[in-house]
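Accompanying notes for the structure given below.
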Amino acid sequence: MAVGDKLSHSQAGFFGEAGELGGSHPLFNEICTALYEREVISLAHSNIKNLSLLKRRMGGLPYHVKAIARYMINNSSSNNPSPLKTDTHNGSWYAKQSAKCPGINHLDDVEKREQWYRKNARYGLVVPVLILNMEGSHIELDSIDMVNQDNTQLHLNKNGWFANSGECIHSTTLRDDFEASAALSVQNKILLRPSKAIMTAACSGHAWSYKSKRTPRALSLREMRLSTQINWKNFTLLSR
């Protein structure tokens, strides 16, 4: 069988399972295609040098893409509906963008933020991180993968160690799939206390310059996956 035939067969298998768990929806394939194409392009332009890592990323694509697509299709009818709307053509979320970054308004909320994380910080919790750089600001989704013994500091999967107050203690070094130029432009990272406005902005990729709104950024597949794990009722860890 020719290489092209193998690729066609693989793609047919990828979309052929669309009938399971919500995949019968007419827009399911459109969302899958958008997510799949965006991630493949991202991987093609990444700096990943570890072949084993690249294989794992590629191998996990079907599972993650279909899981995200099912969630986006069933969002409005689920027991945990988000305030987000689905852009099926681009495989992304969208919502009305506020004039200013909502995270900026929470920078002085240090005591409430510290109390909230002391009470709610758990492994796997999806949290927002305010990124301030030369271009302006945006909010990224990340997840907790470690909490220290006295529950005063936590480690995020991508962005490193933070105090419960929101201060970045030690930012992680660059991974193969993150651009050095982008990382060098970061001036500050601040862990925010989640709210509806903040999490909506993060999921929608909203971004701001220091004077006005900017074009929303496209979320990575990882952030899209995290957007499906948010507890929109109170932003604590979803019960399994």
Review point. Right, LEU54: in contact (Cβ under 8 Å) with a residue 24 or more places away in the chain and either in contact with a helix residue (DSSP H, G or I) (Cβ under 8 Å, 6 or more places away or on another chain) or farther than 30 Å from LEU132 by Cβ (or both) or not?
Key: no
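Of these, SER227, SER220, which one is small (Gly, Ala, Ser) and out of contact with any Leu (no Cβ under 8 Å at 6 or more places or on another chain)?
Working: SER227 fails: out of contact with any Leu (no Cβ under 8 Å at 6 or more places or on another chain).
Going through SER227, SER220 in turn, the sole match is SER220.
Being of a type in the set (S, T, N, Q), within 16 Å of ARG225 (Cα to Cα) and in the same structural domain as SER212 (by TED's automatic domain parsing) is true for just one of ASN148, ASN157, ASN120, ASN133. Which residue is that? Steps first, please.
Numbers: ASN148 fails: within 16 Å of ARG225 (Cα to Cα); ASN120 fails: within 16 Å of ARG225 (Cα to Cα); ASN133 fails: within 16 Å of ARG225 (Cα to Cα).
The match here is ASN157.
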Scanning the range 94-121 for residues that are among the basic types (Lys, Arg) and free of Cβ contacts under 8 Å to residues at least 40 places away in the same chain gives LYS96, LYS119
Within the range 21-67, residues being surrounded by 11 or more Cβ atoms within 10 Å (Cβ to Cβ), modelled with pLDDT under 90 and not in a helix (DSSP H, G or I) number 8
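Tell me the residue from GLY91, GLY124 that is of a type outside the set (D, E, K, R), in contact (Cβ under 8 Å) with a residue 60 or more places away in the chain and closer than 22 Å to THR236 by Cα, please. Walk me through how you get there before you give the answer.
Details: GLY91 fails: closer than 22 Å to THR236 by Cα.
Sole residue among the options that is of a type outside the set (D, E, K, R), in contact (Cβ under 8 Å) with a residue 60 or more places away in the chain and closer than 22 Å to THR236 by Cα: GLY124.
Could you please give the count of residues in the range 68-86 that are in contact (Cβ under 8 Å) with a residue 12 or more places away in the chain, in a loop (DSSP other than H, G, I, E, B) and either farther than 22 Å from LYS213 by Cβ or assigned by TED's automatic domain parsing to the domain that holds SER212 (or both)? Outline the logic, then answer.
Narrowing the range 68-86 to residues in contact (Cβ under 8 Å) with a residue 12 or more places away in the chain: 68-74, 80-84, 86.
Going one step further and asking which of them are in a loop (DSSP other than H, G, I, E, B), we end up with 80-84.
Restricting the remaining residues to those that are either farther than 22 Å from LYS213 by Cβ or assigned by TED's automatic domain parsing to the domain that holds SER212 (or both) gives 80-81.
Summing the residues that are in contact (Cβ under 8 Å) with a residue 12 or more places away in the chain, in a loop (DSSP other than H, G, I, E, B) and either farther than 22 Å from LYS213 by Cβ or assigned by TED's automatic domain parsing to the domain that holds SER212 (or both) in the range 68-86 gives 2.
A quick yes/no check of all residues on (1) aliphatic (A, V, I, L, M); (2) in contact with a helix residue (DSSP H, G or I) (Cβ under 7 Å, 6 or more places away or on another chain); (3) on the phi < 0 side of the Ramachandran plot; (4) in the same structural domain as ILE131 (by TED's automatic domain parsing):
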site	(1), (2), (3), (4)
ILE190	yes, no, yes, yes
MET199	yes, no, yes, yes
SER204	no, no, yes, yes
LYS211	no, no, yes, yes
ARG214	no, no, yes, yes
ALA218	yes, yes, yes, yes
LYS233	no, no, yes, no
Per the filter on the range 182-232, residues within 24 Å of GLU37 (Cα to Cα), among the basic types (Lys, Arg) and assigned to a helix (DSSP H, G or I) are ARG222, ARG225
Checked against (1) surrounded by fewer than 16 Cβ atoms within 10 Å (Cβ to Cβ); (2) under 30 Å from ILE41 (Cβ atoms), ASP108 satisfies every condition except (2)
_Would you confirm, using the coordinates I've provided, whether ALA207 is surrounded by fewer than 21 Cβ atoms within 10 Å (Cβ to Cβ), at pLDDT 95 or above and among the aliphatic types (A, V, I, L, M)?_
yes
Reported set for the range 215-230 where residues are over 19 Å from ARG57 (Cβ atoms), surrounded by 17 or more Cβ atoms within 10 Å (Cβ to Cβ) and of a type outside the set (A, V, I, L, M) is PRO216
Over the range 87-128, the set of residues more than 22 Å from ARG214 (Cβ to Cβ) and touching a strand residue (DSSP E or B) at 6+ places or on another chain (Cβ under 7 Å) is TYR117, ALA121, ARG122, TYR123, GLY124, LEU125, VAL126, VAL127
Residue check: is ILE131 in contact with a Phe, Trp or Tyr (Cβ under 9 Å, 6 or more places away or on another chain) and crowded, with 17+ Cβ neighbours inside 10 Å?
no
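The values are calculated or read from the model by the stated rules, or taken from the named source; none is laboratory data. No experiment lies behind these values; they were computed from the predicted model shown. Note: ideal-geometry Cβ built from the backbone for every residue, glycine included; neighbour counts use all protein chains shown.
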